[in-house]
Amino acid sequence: MNKQPPTNTQETPPDATATTTGANAATPTANAPLDVLILAAGLGTRMHSRTAKVLHQLGGRPLIAHVCHTAAALVKEGRPVHIVVGHQAEEVKAAVEAELGANGAIFITQTEQRGTGDAVMVARDALADAGSTLLVLSGDVPLMHHETLGALVHQHRTHRGRGAACSVLTVKLEDPTGYGRIVRDADGRFERIVEHKDATPEERQIKEINAGIYCFETRVLFTALERVQPANAQGEYYLTDVPGILRADGEDVSIFTHADAREVSGINTRLDLAEFERLVRLRTLRRLMLDSGVTIIDPAHTYISPEAQIGHDTIIYPGVTIEGRTQIGAGCEIRSGTRITNSRIGSGVQIKDHSVIVDSDIADSCSVGPFAHLRMNARLEERAAVGNFVEMKKSRLGPKSKAMHLTYLGDADIGARTNIGAGTVTCNYDGVNKNPTVIEHDVKIGSDTMLVAPVTVGARSVTGAGAVVTKDVPPDTLVAGVPATIKKDLRAASQPVAPESAQPQDSEETATNAVTGDR
Ligand code: UD1
Ligand code: MG
């Protein structure tokens, strides 16, 4: 969805002031601070989920995080956002704190979910005397722009030159089923909101709906809330009764009609969630293609987090998933079936098909995959390469080093220009502890070497194919066998080690074949 400037029409006729001039006890003070109250206690029955609705993810973040982000843009720096929690309160609090920090929110618990009116009522002690203007939002409306809400607040404060007691954000829907309808009087002014379940057949024809986004004069809101009764089809305390009560009291209620229905829509079902996910995804892909110069071969099948950053001339193939705060440099190629999560990829990197890269760091000009798995702070330094069926965990592969086939590198620190032969395993776990393996620079690890950690292989050393290395190997030493023993001091020997089968320097099979010729 394109970000649009807020569009609205204030549909109350400017001359229709006669019946609302009287009481108007609610005129907002021009400088009243803005508070935000987010309702997030409900379970969201229509999701058919054990997880509270506001914790379901959109664009890789819980719905409530999106709403908090928008709310935080509206309140004054340092003024906390108020949030009503109930279902899975602890998890919701954690999600909010992850977004706003430990002091960014004040939580109020609604122990029993008795309706949106009750949800606001539980915040009375926290808010009623704040002398503020209160913006009420739902935790399940994730795509609102803060500019739209800012325009609502502005209209609320300037309505008819003196401000309104309450302002309701409305949209028109082709299919308004399920929503509260806006009932206007003969002059077109706000009269009341009627919930779908309580509406008459005529009222159900109304296409203008309540988006669940309101601005109130805080004090007036809480006074009116005391008069709300659960005398309705759902037996709930409806917040939606308050604007009608205020209007009947002769207070000004303004209507802010917004053109972009989708922006202010709530998520009620998993169908809504999938549709919103698609919108967020396309918005991200458009930005990457139009602003960042990224080639996305098939946008319909590419999944990129809104928080990811990707450099120009990087090409993303179909079926790639890029999650979290991943950063990818320029001129990379990310092939199909790859998932990259919260990782940093430099420039000119090749990620071949079906690789999984999580919490890892890959420097410029590296090559990964196909079918590689890098996780828990795997680090590839410049021009390093890992190939087919290689797993790396908590390990560093130094510049120009290679591990091309069928290898596990865990808790390993590997220096520059080292070659790890096919089938090498760092045996890092002794059943109790994880132990480190150090392989220094310019080492050749022969195919199928088992490195029984903790163990160090010194610079320029070589292990024979199938060696089981249980003791540290000094620099410039050839070891082989089970367990591996020293066969040769390579400084004393004339280079190369075994001239009859010497391989090119950059072939990963070099060490194996050169030493033992058994593969
Ligand atoms: C509400 C409005 C409806 C509007 C629609 C827009 C009411 C009575 N109806 O209906 O007019 O068209 O939003 O999306 O307000 N919540 C609590 N505690 C509760 C009940 C709800 O915190 O006891 C929270 C929910 O977690 C949710 C929000 O309030 O974030 C809205 O509740 P929901 O049940 O989704 O209301 P709707 O039926 O959608
Ligand atoms: Mg809802």
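The values are calculated or read from the model by the stated rules, or taken from the named source; none is laboratory data. Not measured: the values here are computed from a predicted model. Using ideal geometry, Cβ is built from the backbone for each residue, glycine included, and neighbour counts are taken over all protein chains shown. The protein model used for the area step is the full one, side chains on, heavy atoms only, and it has no ligands, DNA or RNA in it. Shrake-Rupley method; radii C 1.70, N 1.55, O 1.52, S 1.80 Å.
Just a few scattered comments:
- Of residues in segment 294-335 being aliphatic (A, V, I, L, M) and in a loop (DSSP other than H, G, I, E, B), the one nearest to ASP353 (Cα to Cα): ILE297
- The condition of being farther than 19 Å from ASP118 by Cβ, modelled with pLDDT of 95 or more and within 16 Å of ligand 2 (Cβ to nearest atom) holds for only one of ALA211, ALA248, ALA259, that being ALA211.
- Residues located in segment 239-290, provided they are more than 13 Å from ligand 1 (Cβ to nearest atom), among the small types (Gly, Ala, Ser) and open to solvent by less than 30 Å² (accessible area, probe 1.4 Å): GLY250, SER254
- Qualifying residue in segment 218-227 (condition: among the charged types (D, E, K, R), modelled with pLDDT of 95 or more and part of a loop (DSSP other than H, G, I, E, B)): yes
- Checking segment 139-154 against the condition returns a match, with at least one residue being of a type in the set (D, E, K, R) and more than 15 Å from ligand 2 (Cβ to nearest atom).
- Within segment 452-481, being polar (S, T, N, Q) and more than 21 Å from ASN428 (Cβ to Cβ) holds for one residue alone: THR477.
- Candidate set: segment 432-457, residues that are over 14 Å from ILE420 (Cα atoms) and in a loop (DSSP other than H, G, I, E, B); chosen: the one most open to solvent (accessible area, probe 1.4 Å): VAL432
- One residue alone among HIS159, HIS154 is closer than 22 Å to ILE245 by Cα and assigned to a helix (DSSP H, G or I), and that residue is HIS159.
- The listed residues are GLU90, GLU99, and the only one of them that is open to solvent by 20 Å² or more (accessible area, probe 1.4 Å) and free of Cβ contacts under 8 Å to residues at least 12 places away in the same chain turns out to be GLU90.
- Selection count where residues are touching a strand residue (DSSP E or B) at 6+ places or on another chain (Cβ under 7 Å) and under 18 Å from GLY398 (Cα atoms), scope segment 344-358: 7
- Scan of segment 102-130 for residues that are more than 18 Å from PHE222 (Cβ to Cβ) and open to solvent by 40 Å² or more (accessible area, probe 1.4 Å), ordered by number: ALA102, ASN103, PHE107, THR111, GLU112, GLN113
- Conditions (1) in contact with a Gly (Cβ under 9 Å, 6 or more places away or on another chain); (2) open to solvent by less than 40 Å² (accessible area, probe 1.4 Å): number failed by ILE322: (1)
- Filter result for LEU169 (within 11 Å of ligand 1 (Cβ to nearest atom), buried (at least 22 other Cβ atoms within 10 Å of the Cβ) and part of a loop (DSSP other than H, G, I, E, B)): no
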